[in-house]
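Structure record follows, encoded as structure tokens.
The values are calculated or read from the model by the stated rules, or taken from the named source; none is laboratory data. The structure presented is a predicted model; accordingly, all values stated were derived computationally and were not measured. No Cβ is skipped: glycine too gets one built from the backbone with ideal geometry, and neighbour counts run over all protein chains shown.
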Amino acid sequence: MPRQLSPGNAAARLEKWARAGFDIAVVDGLTATLEADKTASAGRAPRASGRLAATVKIVRPSASSAARKGFIIGRLKAGNRKRADQGGVPYARVHQVGGIFVSPTANASHTNRHGIAPKSADGRLRFVIGGKVVFARRVAHPGSRFKKLEYLRIDEDRAQRRIDTSLQRSADKEIG
């Protein structure tokens, strides 16, 4: 059975809820949306090795940060800046927004054509072309340009519905 509140008591409770409960309710709704979107985004990520999909994560929204800043931020991100040979996925951003891949250690703003020479003592590069193993002493790399994939996406309609539901539940709980 719902509580009976006088209009003054209901107004006071709503005012108290508006100071803290509003941000908490929005953060709860946004976090629930981001969890679903994280799974969907990982499924859309390029799958050459599966490492990129494994790095998709949520940048969690915070009610306390919202109170300080006056806005709530919740987003998805992927990759990390470690080198690929250290288990990193430095190419995550270029797959999301497109363009030219620049390694995290490079100081250039773009990748031009360049030669690749072996680092190993035997002085040969080994790679596969058309199912055949090929060896070379040096190769000419054409540069790297990637198409924009936009695999990290937030479903705005679902976010709006979940935030609205979360706000309604929170207000109903507060005023009875």
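Summary of computed values
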| read-out | value |
| --- | --- |
| Subset tally (residues that are hydrophobic (A, V, I, L, M, F, W, C) and over 19 Å from R113 (Cβ atoms)) for segment 123-133 | 2 |
| Contacts under 7 angstrom Cβ, first residue in segment 45-74 being in the same structural domain as D28 (by TED's automatic domain parsing), partner at pLDDT 85 or above and among the hydroxyl-bearing types (S, T, Y), 6 or more apart | A45/Y151; V56/S41; R60/T31; P61/T31; G74/T31 |
| Of residues in segment 25-44 being of a type in the set (A, V, I, L, M) and free of Cβ contacts under 8 Å to residues at least 60 places away in the same chain, the one farthest from E174 (Cα to Cα) | A42 |
| Segment 123-157: number of residues that are assigned to a strand (DSSP E or B) and either charged (D, E, K, R) or in contact with a Lys or Arg (Cβ under 8 Å, 6 or more places away or on another chain) (or both) | 10 |
| Single residue of segment 91-120 satisfying the filter (under 14 Å from P46 (Cβ atoms) and crowded, with 16+ Cβ neighbours inside 10 Å) that is modelled with the lowest pLDDT | F101 |
| In segment 139-163, the residues that are farther than 16 Å from G74 by Cα, touching a residue at least 40 places away in the same chain (Cβ under 8 Å) and surrounded by 13 or more Cβ atoms within 10 Å (Cβ to Cβ) | S144, F146, L149, Y151 |
| Residue check, A32 at pLDDT 85 or above and touching a helix residue (DSSP H, G or I) at 6+ places or on another chain (Cβ under 9 Å) | yes |
| Subset of segment 43-89 that is more than 19 Å from D28 (Cβ to Cβ) and of a type in the set (D, E, K, R) - its residue that is surrounded by the fewest Cβ atoms within 10 Å (Cβ to Cβ) | D85 |
